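Working notes, structure below.
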Amino acid sequence: MPFLLLLSLFCPALSEPIRYTIPEELARGSLVGNLAKDLGLSVPDLPTRNLRVSTEKKFFTVNTENGDLLVSDRIDREQICGKKSTCVLEFEMVAEKPLNFFHITVVIQDVNDNPPTFSRNITELEISELTLTGATFALESAQDSDVGLNSLQHYYLSPDPHFSLIQKENLDGSRYPELVVKAPLDREEQSCHHLVLTAVDGGEPARSCTTQIRVVVADANDNPPVFAQDMYRVSVQENLPVGSSVLRVMATDLDEGINAEITYAFINIGKEVRQLFKLDSKTGELTTGGGLDFEERESYTIGVEAKDGGHHTAHCKIQIDILDENDNAPEITLDSESKHIQEDAELGTVVALIKTHDRDSGLNGETLCQLHGNFPFKIVQDTKNTYKLVTDGALDREQTPEYNITITATDRGKPPLSSKRSVTFNVADVNDNAPVFFQASYMVPVAENNPPGASIAQVSASDPDLGPNGHVSYSIVASDLEPRALSSYVSVSAQSGVVFAQRAFDHEQLRAFELTLQARDQGSPALSANVSLRVLVGDRNDNAPRVLYPTLGPDGSALFDTVPRAAQPGYLVTKVVAVDADSGHNAWLSYHVLQASEPGLFSLGLRTGEVRTARALGDRDCARQRLLVAVRDGGQPPLSATATLHLIFADSLQEALPDFSDRAEPSDPQAELQFYLVVALALISVLFLLAVILAVALSLRRSSSSTRWSCFQTSAVCSKTAPEVFPNYCEGTLPYSYNLCAASHSSKTEFKFLNINPEHAPPQDLLCNEASWFESTSNDNPKMTSESVNLQQDSKRRCSLTRVRKAMRTRVTSSKHKSRSDIKALQLHKNSDLKRFT
């Protein structure tokens, strides 16, 4: 580990390639060098680093036990590099943990494994006998695949008195022989000469080959052909179409006739070149016979011979330079440790190593590696042709679970060529997403009287993470209910998020409550989210309307309202007041008349409950009216309640009380029969009570002769046997400021008021006299019972009420003589009192 730390500090030094030199044709398994030692890697760490060769055609392999670089395939220098003077194999070694490139260069040394060869075993050469001494004739050169010292070095000619051999060198360094005439030829003396040409290379040991040269001495032809140039130079593009013209050589001969006819032919070229180029023997035009490839060979030197009809020859050289075209797209090699990337990977994390190679040269061989598309990755160049693919942004598996990345390598040729390589990386999940509810808040209506255990709502949250990181459970964490009462109201399913009601809800007791639900995943650490759930308890029509007015008195007596006899249509008589504990439409009340003594005399407000006169009171109309009113709510089905209104047309209280004492007219024969039966029973009861009261009165008269009954003799109101109506009024059950009295429901009792003229009226009210009487009696008789005391106190209260009532009767009585405007003013006063109560 300390060595790896030092290695990371000296990474720039390791970017220089490791260089080895080996001879070709080494046996498989031969040692090239100890790569682990040269790279500074520890041998025990080799299995972990997974050191390997990153190339498609692998000539070498690494021994993971000791780090030796070994030969794994046959290395033929001539096959790999051809005629290049230096043969170099470059490749990269890939090491993991951390992922890195190591650049290796292996120089392949040539061995003398190929002898020189001639294309023909016998070469026939025709020379005129008039050829001057010193004339040269080019001979076919031998070919040797080896390079350097192992290539062709010398030519030797068998001894001959007429010929000698000189050796010349082409521009590319290759050697070729020329035959020199060193003595005059005489065809008649010797028409044919046989020579042996030997080619020898410079290897150890040297290799050689021979060819036979047959020189035929021709008849005299004193003018040889002459080329316009000794050296023709031309540059052509590679991939030139077959049959394309390269150039045209031309030679002239001063002779005439057949001696001036020139033919052209290749000389001193190998078989490969003969297949690539064609020479027209008549015109000297050089054309392509095959495809030219700059990557295989950059130039060619071709010898051309021109021969006339007299066997004179001339020679020239053609230098053909192949121009590189951008005809090779870059090649991409990709190496990575894994196809999975953690989504929380840091910026700059190395994902893969990239190597590019272009067989073209110059700008055509320079490549640029890049990514296309919007990806959180980028390519960082390491060396000239190696790159690193690193992270350049945050990864989010929930948005993009995998990346299909296309790497493009483009050269700088015109037009540029490119190649693509696709690789897919999967993003591994981490718990980086909290659950998210589908709604920001929930509001659920629940009708009251729901069955316990029923499902009332369901919350749902999603977590885009995978596995336990995305598994969500639900719970209740807060509520506006009491903590101890919460469990008795609602519960939630941890798996489904369904909220259950644990009891029946009552809208009148609990109209709404709020819960805070939590969704929590199973990641480590766990993430959670909260949402509010508001439960609205809806109303059902489970409460009937309740009539607030009119009501019965404390003693059970019915109440009545008085109506002035001069009341005009639209006069506000009274108002039925009712409430409903329900809400909304269920509490929307409507008022309906079920029964009326005089249909059409009164109207009832459908929504207000106001009772108004529909027309003026007629002479034939009864002064006492009864209305049975039904109050219905708006529920389905509707619930209702009833109220009975007793209305009396009277201008004073004294006038109303006797009328109210009379029996009500039955609305039908059956009701009249029942009424008569009740009246009969009431009369019998009254007679019995009168007899009892008379007996009690006589006994009291005997016991207290000093007691005076003048008050009770003047008014039936003060009679002890008469039902008391004023206490009901004094309790204030009706909110009106006009005269109102109640009658006893037990019997039909007649109240008789004295018709006292104003001038004969006593100075004090009778009820007040009654109170005075009770007071005097109490003073005279200290032993009065508690019942008498209570009666005295009640009488005092009635006294004060009587004074008010007297004033009101005076106002009502005087209303008979008032105009219609005064009656309307009285009605407005009455309406204001009614609204104040409502």
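Do any of 97/384; 97/339; 58/420; 355/420; 58/83 go past 18 Å between their Cα atoms, and which?
Beyond 18 Å: 97/384; 58/420; 58/83.
If you build the convex hull over the alpha carbons only and average its shadow over all orientations, what do you get for the range 164-267? Give it in nm² to one decimal. Don't jump to the answer; show the numbers that get you there.
Values: hull surface 42.7 nm².
Convex hull of Cα atoms, orientation-averaged projection: 10.7 nm².
Rg over Rh of the range 122-218, using C-alpha atoms and the Kirkwood radius, what does it come to? All intermediate terms of the calculation are to be shown ahead of the outcome.
Values: Rg = 14.4 Å, Rh = 14.1 Å.
Answer for the range 122-218: 1.02.
Rounded, prolate or oblate: which fits the range 546-649, taking a ≥ b ≥ c as square roots of the Cα gyration tensor eigenvalues, rounded meaning a/c under 1.5, else prolate when a/b beats b/c?
Working: a/c = 2.44, a/b = 1.68, b/c = 1.45.
It is prolate, given that a/c is not under 1.5 and a/b is the larger ratio.
Run the numbers for residue 287 and residue 476: contour at 0.36 nm per residue of separation, minus the present Cα-Cα distance, in nm. Let's see the in-between values first.
On the way: separation 189, 0.36 × 189 = 68.04 nm, distance 9.21 nm.
Answer, rounded to one decimal: 58.8 nm.
Might you tell me the accessible area per residue for the range 122-218, computed with a 1.4 Å probe and given in Å²?
Working: 4730 Å² over 97 residues.
Using a 1.4 Å probe on heavy atoms only, each residue of the range 122-218 averages 49 Å².
In whole percent, what relative contact order does the range 18-109 give with Cα contacts below 8 Å and a gap of six or more residues?
Numbers: 181 pairs, mean separation 34.2, N = 92.
Averaging sequence separation for qualifying contacts and normalising by length gives 37 percent for the range 18-109.
Distance in nm between label sites at residue 641 and residue 88, each 7 Å beyond Cα in the beta-carbon direction?
About 11.0 nm separates the two model spin labels.
How much area per residue is accessible in the range 284-329 when the probe is 1.4 Å and only protein heavy atoms are counted (Å²)?
Numbers: 1430 Å² over 46 residues.
Accessible surface, normalised per residue, equals 31 Å².
When the accessible area of the range 226-323 is computed with all protein chains present and a 1.4 Å probe, what percentage of it is carbon and sulfur?
Details: 2280 of 4720 Å².
Ligands and nucleic acids excluded, carbon and sulfur reach 48 percent.
Given R₀ = 56 Å, FRET efficiency for residue 408-residue 440 by Cβ-Cβ distance, to 0.05?
Numbers: r = 45 Å, r/R0 = 0.81.
Rounded to the nearest 0.05, the efficiency is 0.80.
Place a +1 charge on the Cβ of each Lys and Arg in the range 364-505 and a -1 charge on the Cβ of each Asp and Glu, then give the dipole magnitude about the Cα centre in debye, rounded to the nearest 20. Please report the intermediate quantities before stating the final value.
Numbers: 10 positive and 14 negative charges, 124 e Å.
I would put it at about 600 debye.
Kindly provide log₁₀ I(q)/I(0) values, in the same order as q = 0.10, 0.15 Å⁻¹, from the Debye equation applied to equal alpha-carbon scatterers of the range 18-109.
Ignoring solvent entirely, the Cα scatterers give -0.25, -0.55.
Which FRET efficiency value, to the nearest 0.05, do you get for residue 265 and residue 222 by plugging their Cβ-Cβ distance into 1/(1 + (r/R0)^6) with R0 = 22 Å? Mind showing how you got there, number by number?
Values: r = 22 Å, r/R0 = 1.00.
Once rounded, the FRET efficiency stands at 0.50.
Accessible surface of residue 358 in the full protein assembly, 1.4 angstrom probe, to the nearest 10 Å²?
Roll a 1.4 Å probe over it and residue 358 shows about 10 Å².
Students often check this: by mean Cβ neighbours within 10 Å, which of 482-491, 256-265 ranks highest, and how do the rest follow? Walk me through the numbers on the way to the answer.
Numbers: 482-491: 13.1, 256-265: 16.0.
Answer by packing, highest mean first, reads 256-265, 482-491.
Return the distance in nm (one decimal) between the two label points of a simple spin-label model at residue 73 and residue 19, each offset 7 Å from Cα along Cα→Cβ.
2.5 nm
What number in nm² do you get for the range 436-538 if you take the convex hull of its Cα atoms and divide its surface by four? Mind showing how you got there, number by number?
Working: hull surface 25.2 nm².
Averaging across all directions leaves 6.3 nm² for the Cα convex hull.
Summing +1 for each Lys or Arg and -1 for each Asp or Glu, what net charge is found among the other residues whose Cβ lies under 13 Å from the Cβ of residue 635?
Details: positive: 540, 632; negative: 448, 539, 542, 580, 582, 633.
Residues near residue 635 contribute -4 overall.
The values are calculated or read from the model by the stated rules, or taken from the named source; none is laboratory data. The structure displayed is predicted, hence computed values, not measured ones. All Cβ positions, glycine included, derive from the backbone under ideal geometry; neighbour counts span all protein chains shown. Each accessible area value is taken on the protein alone, full model and side chains, heavy atoms only, with ligands, DNA and RNA left out. Shrake-Rupley method; radii C 1.70, N 1.55, O 1.52, S 1.80 Å.
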